[in-house]
Every structure is written in structure tokens, then in C-alpha cells.
Amino acid sequence: MTTHSIELTVNGRKVSGIAEPRTHLAEFLRGPLGLTGTHLGCEQGVCGACTVLIDGKPQRSCLTFAVSCNGDEIRTVEGFDDDPVMTELREAFSAHHALQCGYCTPGMLVTARDIVTRLGDVDEETIRRELSGNICRCTGYVGIVGAIRQVAAGKTAVAQNWNFEARQDVVAAKTVEATPVAEATKPAAMDFSTAGDGFSVLKQHVSVPAPANQVWAALGDIRRMAGCLPGASVDTVEGDRVTGSLTVSFGPIKASFAGEGEVARDDSSRTGTVKGRGRDARGGSSATGEIAYTVLADGACTRIDVEVRYKLTGPLAQFGRSALVTDFARRMTETFAANLTAMLTGGEAQSPAKAELNLASLIWQVLRDRVRRLFGG
């Protein structure tokens with residue numbers, strides 16, 4: 001099958017990838033780029049769930065071939081995090097009960113923002129006419145129209161100009177800038193991206209209150225390191241080859257990945273890599289990945305820079321989306337850093353060795369933290 005290399009600017013970032021001529025933009029956004037906020041409904045251009053901005057204009061990404069967008073600027077619902085109009089719309093949608101199942105909401109919000117910015121303060125009839133290309137099967141549209149009218153009230157139309165200031169280098173990912181480590185054992189903001197080869201990439205660093213040489217030596221003991229990560233165990237270590245398992249659960253989905261890997265370390269630069277692959281024989285999920293880490297002295301603490309490349313297939317692949325992965329990985333990194341610190345300082349570990357990695361528990365912890373941040377607790 002013929003494929004083409006394409007380069008786009010997606011949410012202000014240069015991205016590149018390979019696409020077949022028949023691949024539509026929605027598939028390219030949801031697949032290689034991991035931007036699953038763009039929903040696929042009818043795939044005939046009728047429902048509007050897949051609406052995105054292409055060079056500033058709302059268009060159906062299910063009817064647009066990815067190769068035809070080469071060089072274009074694309075903005076998906078994930079690209080409006082800091083947009084003031086979209087912030088108003090999201091709050092108004094919540095206040096007016098303008099969403100129920102939420103499937104149409106990403107496309108509805110993109111269209112609503114276009115209405116507000118392009119037309120300004122408009123009447124209900126105009127809003128309903130402009131929304132005619134976006135179908136909602138839940139709300140009856142009353143709340144949606146009311147939310148848009150509230151946000152549009154008093155506003156004037158503005159010029160449509162979405163020329164983002166993009167990075168000059170071409171990367172195959174949507175990225176988020178990392179921030180410095182705030183305190184010992186706390187992970188920094190996570191940098192998530194998806195590569196053109198189908199792998200996802202996580203970059204983060206953590207700080208451990210121990211000397212760098214002690215941390216480096218500890219990381220060389222693969223069995224001790226496995227004990228710091230819930231659900232992980234090592235069966236055999238023969239030179240640079242290792243076998244082991246990782247057990248995870250998510251509600252009714254349980255998986256025990258049995259796998260093998262290779263470990264490499266460079267004492268002079270204090271860098272190391274772990275490459276591995278594993279498969280859950282019962283559920284059919286499989287994982288391939290590589291961890292690269294660097295140990296750096298950082299005052300009284302030690303900074304560990306980590307880059308993880310991974311690919312999930314099978315039932316657990318549904319948890320490979322960026323928002324889920326970054327939350328889970330952040331919590332896992334916190335646990336690992338805390339357990340590593342406890343191991344080096346004689347403290348108490350947060351979780352017992354070989355305990356099952358329960359993703360449902362991680363979700364609860366993530367939600368609890370978000371609620372605390374929301375209410376300032």
C-alpha cells in the first residue's frame with residue numbers, strides 16, 4: 001500500500017507522520033498522535049462529532065484525507081486549554097446542562113467557539129442555524145443554545161487567525177513543557193508525546209534525597225528496583241538479560257505480563273537503558289517498551305531523568321491514551337520514588353513488594369487529588 005510522509009501543525013506543534021492516501025484526518029489524529037478528543041460518529045460528515053479547525057475553519061475530519069492537510073494548521077479540542085473563549089464555553093455548557101453522554105461535545109465546542117468568535121453576539125435563530133451540522137442525541141439543544149448565547153452576549157466578531165507560533169524542529173508529537181522538580185521525591189510535570197512509529201513517549205524527572213553514587217548503585221540492582229514498583233517482579237538475571245512479570249488490574253480487566261528484557265549501563269555517564277517486551281497470555285494484551293534514565297547530582301539530592309517509550313496492544317490499549325497515561329504514570333512515578341527513597345534511607349515503603357498494580361486505585365487517587373486542587377484542599 002502506498003504511503004505518504006506528511007507534516008502538519010497540530011495545536012501549535014509541528015508533527016510529522018506516515019499516512020495512506022485513504023487515511024482520513026480523524027484517524028491520523030486519534031491514532032499516531034493520540035488526540036482522542038476528536039470523536040468519530042457517523043463517519044459520513046453528518047453528525048459533526050469529529051469537527052476540528054483546519055487553517056482556522058471548522059471542518060469534518062472524518063471526510064478530510066490526512067494527506068490533503070499536508071502543511072495545514074489543525075486545532076483539535078485538546079488545543080484550547082488556555083483559550084479564554086473556550087474556557088467560558090466549557091463553564092457555560094456545565095452550568096446550562098448542555099452535555100449528557102458527551103460524545104458530541106468536542107465537535108460541538110469547536111463549532112460553538114467558531115460561532116462566538118466569528119459572529120459575536122447573535123440571536124437564538126442564528127445559533128441554531130449555525131449548529132445544524134452538529135447532532136446531539138441527548139440534550140434537545142436547549143442547554144447548548146443557552147450556553148452559547150450566554151458566552152456570545154456582548155461580544156463582537158473578531159478576525160480568525162490561528163497562526164500558531166510553532167517550534168521550528170519537526171517532532172512527531174503533541175508535547176507539554178516540563179517544569180522543575182518542586183521537592184524531593186515529587187515528579188515534575190510530565191511530557192507526553194506519540195511518535196510516528198506508533199510508540200508513545202513519556203519524559204519526566206524525579207528527585208531523591210540521597211547521594212548520586214548511592215542512587216546509581218541502587219538502580220543497578222534490578223531485583224531491588226523491581227521491589228519499588230507495585231506489581232513488578234524479577235525471575236532471572238543472567239548478565240544483561242532479565243526475565244520477570246508485571247501484574248496489573250483495572251476493574252474486571254486483569255493482566256499479568258510475562259516478559260524478557262535487556263539492561264545496559266554506563267558508569268562513566270551514569271546512564272542506563274532497559275528494553276523489554278511482554279504478553280498477557282490470558283487477556284491477549286501485549287507491551288513493548290524501553291526505559292532510558294540518567295542519574296545527576298543535584299545539590300543534596302539526586303535527579304533521575306527518565307524517558308519511557310512504549311506500545312500497548314489488546315484490551316489494555318484503551319488505557320494508552322495520553323490523559324490516562326500521564327495521570328497513571330505520574331502516580332506510579334511518585335510511588336516508585338517514595339519506595340526508592342525508603343529503601344535508601346531505611347524508611348517505610350508506600351506499597352508492599354510484588355503487590356498488584358491496581359489502576360482503579362490509581363484512578364481514585366488521581367480523582368481525589370483533582371478534587372482537592374479544585375476546592376483548594
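Taking GLY154 as the residue in question, decide whether it is assigned to a loop (DSSP other than H, G, I, E, B), under 29 Å from the mean Cα position of the chain (by Cα), at pLDDT 50 or above and at positive phi.
So GLY154 fails the test.
Give TYR103, TYR141 a once-over and let me know the one that is closer than 25 Å to ALA157 by Cβ and aromatic (Phe, Trp, Tyr).
Matching residue, one of TYR103, TYR141: TYR141.
Scan the range 255-264 for residues that are farther than 16 Å from ALA226 by Cβ and buried (at least 16 other Cβ atoms within 10 Å of the Cβ) and report the count.
1
In the set CYS50, CYS69, CYS62, which member is free of Cβ contacts under 8 Å to residues at least 40 places away in the same chain, of a type in the set (A, V, I, L, M, F, W, C) and touching a Leu at 6+ places or on another chain (Cβ under 8 Å)?
Only one candidate passes the filter, namely CYS62.
Somewhere in the range 111-119, is a residue surrounded by fewer than 19 Cβ atoms within 10 Å (Cβ to Cβ), charged (D, E, K, R) and within 26 Å of the chain's Cα centre (by Cα)?
Within the range 111-119, one or more residues are surrounded by fewer than 19 Cβ atoms within 10 Å (Cβ to Cβ), charged (D, E, K, R) and within 26 Å of the chain's Cα centre (by Cα).
Restricting to the range 217-241, what's the tally of residues that are open to solvent by less than 30 Å² (accessible area, probe 1.4 Å) and either among the charged types (D, E, K, R) or over 29 Å from the mean Cα position of the chain (by Cα) (or both)?
Count: 1.
Restricting to the range 44-92, count the residues that are over 20 Å from the mean Cα position of the chain (by Cα) and among the aromatic types (Phe, Trp, Tyr).
Matching residues across the range 44-92 total 1.
Being modelled with pLDDT of 90 or more and either in a loop (DSSP other than H, G, I, E, B) or open to solvent by less than 20 Å² (accessible area, probe 1.4 Å) (or both) is the filter here; which residues of the range 195-215 pass it?
Listed by number, the residues that qualify are PRO211, ALA212, VAL215.
Search the range 225-240 for residues being touching a strand residue (DSSP E or B) at 6+ places or on another chain (Cβ under 6 Å) and of a type in the set (D, E, K, R), and hand back the single one that is farthest from MET343 (Cα to Cα).
Looking at residues that are touching a strand residue (DSSP E or B) at 6+ places or on another chain (Cβ under 6 Å) and of a type in the set (D, E, K, R), I get ASP240.
Sort through SER268, SER285 and tell me the only one that's open to solvent by 50 Å² or more (accessible area, probe 1.4 Å) and hydroxyl-bearing (Ser, Thr, Tyr).
Exactly one residue qualifies, and that residue is SER268.
Report, ordered by the first and then the second residue, all pairs with beta carbons closer than 7 Å, sequence separation of six or more or different chains, a first member in the range 21-35 that is on the phi > 0 side of the Ramachandran plot, and a second member that is of a type outside the set (S, T, N, Q).
Cβ pairs passing all conditions: GLY34/ARG321.
List pairs: first in the range 127-156 and under 16 Å from GLY107 (Cα atoms), second in a helix (DSSP H, G or I) and of a type in the set (Phe, Trp, Tyr), Cβ under 6 Å, 6+ apart or cross-chain?
Taking only residues 6 or more apart or on different chains, the pairs are ALA147/PHE93.
The values are calculated or read from the model by the stated rules, or taken from the named source; none is laboratory data. Here the structure is a predicted model, which means the values were calculated and not measured. We place every Cβ from the backbone using ideal geometry, glycine too, and count neighbours over all the protein chains shown. For the accessible areas, the whole protein counts, side chains as well, though only heavy atoms, and no ligand, DNA or RNA atoms are used. Shrake-Rupley method; radii C 1.70, N 1.55, O 1.52, S 1.80 Å.
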